[in-house]
Amino acid sequence: MVIGSALVSGASRGIGEAISRRLAESKWRVGLLARSEEDLARVADDINQSGGESFAFPVDVTNAVELERQFAALKEQLGAIDLLVCNAGSGKFAHALDMSLQDWDEQMNLNARASFVLTRLVAQEMVQRRKGQIVFITSDAAKRTFASGSVYCASKYAQYAFASALRQELRPQGVRVTVLLPGLVASYFNNSEPDSEEKASWLKPSDVADAVAYAVSVPSSVIVDEITLHPVSQDW
Ligand code: NJP
């Protein structure tokens, strides 16, 4: 018996995969969004073979037209969406003067704009039902800046600001908004491998998934506004 339907972006690997698996274990029906069909299918098969219920929807979330086009099919499988997790994101790190306009657009479109696009698609019905929760996986870089992080930080500050204002807009309508701000997580972020020696002491994707599981399990009279998580080893 499922407890509700969740939609997770960036579900093919890393933090989004861990969140999707964790939600499925907690009996959420999960819709998985990412571009790579093969990886998404692997995650969906694993979840479904372990007794969960999930559906893979291969899509580039920066392509608003394609996302809207696929949304009807997605709703047929998922029904009303009770939980949206805006997790898909990427980072490219270099001094601003070494970044191109394309680098700026790509990070802004994925880290900030796609959160807006997904929210617009999903939140309308939540407001009508006076029920729902949206979780944004931002970053500790949504509140601090560092050299070589100018574009990434700008995109995460934007995503964080959007989510925080959205919380105030949707709370009176019965929809809760939660922001997670993780520090270093051993995922595939920035085209890296998760199991390098450097990352041994970092947060695991499952640590972030556990925080999401907590934030979505509190009574409906409670909003978890924000959770910041760091590995003890991170000096920030
Ligand atoms: O990264 P990674 P994380 N359309 O690379 C998907 C934040 N964060 O799990 O499309 C749709 O392992 C991609 O799938 P694919 C970070 O900013 C991280 O660490 O198939 N999906 C994959 O599933 C981000 O917001 C750290 O390539 C797209 C996923 O996104 C979130 O955590 C620290 C897509 C990325 O998986 C998850 O990142 C921090 C698109 N256009 C914040 N482009 C950290 N790892 O240290 C990518 O503070 N994806």
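Nothing in this text is a laboratory measurement; each read-out follows from the coordinates by a stated rule. Please read these numbers as outputs of a predicted model, since none were measured by experiment. When we count neighbours, we look across all protein chains shown, and the Cβ atoms used for this are built from the backbone with ideal geometry, even at glycine.
Of all the numbered requirements in (1) within 24 Å of Ser220 (Cα to Cα); (2) surrounded by fewer than 17 Cβ atoms within 10 Å (Cβ to Cβ), Val85 misses one, and that requirement is (2).
What about Phe162, is it within 26 Å of Gln102 (Cα to Cα), in a strand (DSSP E or B), in contact (Cβ under 8 Å) with a residue 40 or more places away in the chain and within 16 Å of the ligand (Cβ to nearest atom)?
Values: within 26 Å of Gln102 (Cα to Cα): yes; in a strand (DSSP E or B): no; in contact (Cβ under 8 Å) with a residue 40 or more places away in the chain: yes; within 16 Å of the ligand (Cβ to nearest atom): yes.
In short, no.
For Ala6, state whether it is hydrophobic (A, V, I, L, M, F, W, C), assigned to a loop (DSSP other than H, G, I, E, B) and either in contact with a helix residue (DSSP H, G or I) (Cβ under 6 Å, 6 or more places away or on another chain) or more than 13 Å from the ligand (Cβ to nearest atom) (or both). Lay out the reasoning, then the answer.
Details: hydrophobic (A, V, I, L, M, F, W, C): yes; assigned to a loop (DSSP other than H, G, I, E, B): no; either in contact with a helix residue (DSSP H, G or I) (Cβ under 6 Å, 6 or more places away or on another chain) or more than 13 Å from the ligand (Cβ to nearest atom) (or both): yes.
So Ala6 does not fit the description; no.
Within the stretch 64-96, the set of residues being within 17 Å of the chain's Cα centre (by Cα), farther than 30 Å from Ala147 by Cα and part of a loop (DSSP other than H, G, I, E, B) comprises Ile81, Asp82. Tell me yes or no: at least one residue of the stretch 132-147 is within 16 Å of the ligand (Cβ to nearest atom), assigned to a strand (DSSP E or B) and touching a Cys at 6+ places or on another chain (Cβ under 6 Å). Among the residues of the stretch 132-147, at least one is within 16 Å of the ligand (Cβ to nearest atom), assigned to a strand (DSSP E or B) and touching a Cys at 6+ places or on another chain (Cβ under 6 Å), which makes the answer yes.
Residues are listed down the side, and each one gets a yes or a no for (1) in contact with a Leu (Cβ under 6 Å, 6 or more places away or on another chain); (2) within 29 Å of Gly183 (Cβ to Cβ); (3) crowded, with 17+ Cβ neighbours inside 10 Å; (4) not charged (D, E, K, R):
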residue: Glu38; (1), (2), (3), (4): no, no, no, no
residue: Asp45; (1), (2), (3), (4): no, no, no, no
residue: Thr62; (1), (2), (3), (4): yes, yes, yes, yes
residue: Asn109; (1), (2), (3), (4): no, yes, yes, yes
residue: Arg113; (1), (2), (3), (4): no, yes, yes, no
residue: Met126; (1), (2), (3), (4): no, no, yes, yes
residue: Arg144; (1), (2), (3), (4): no, yes, no, no
residue: Ala147; (1), (2), (3), (4): no, yes, no, yes
residue: Ala154; (1), (2), (3), (4): no, yes, yes, yes
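Taken over the stretch 58-80, the criterion of being among the β-branched types (Val, Ile, Thr) and within 13 Å of the ligand (Cβ to nearest atom) is satisfied by Val59, Val61, Thr62. Before we move on, is Val212 more than 9 Å from the ligand (Cβ to nearest atom) and touching a Leu at 6+ places or on another chain (Cβ under 8 Å)? Against the criterion (more than 9 Å from the ligand (Cβ to nearest atom) and touching a Leu at 6+ places or on another chain (Cβ under 8 Å)), Val212 qualifies.
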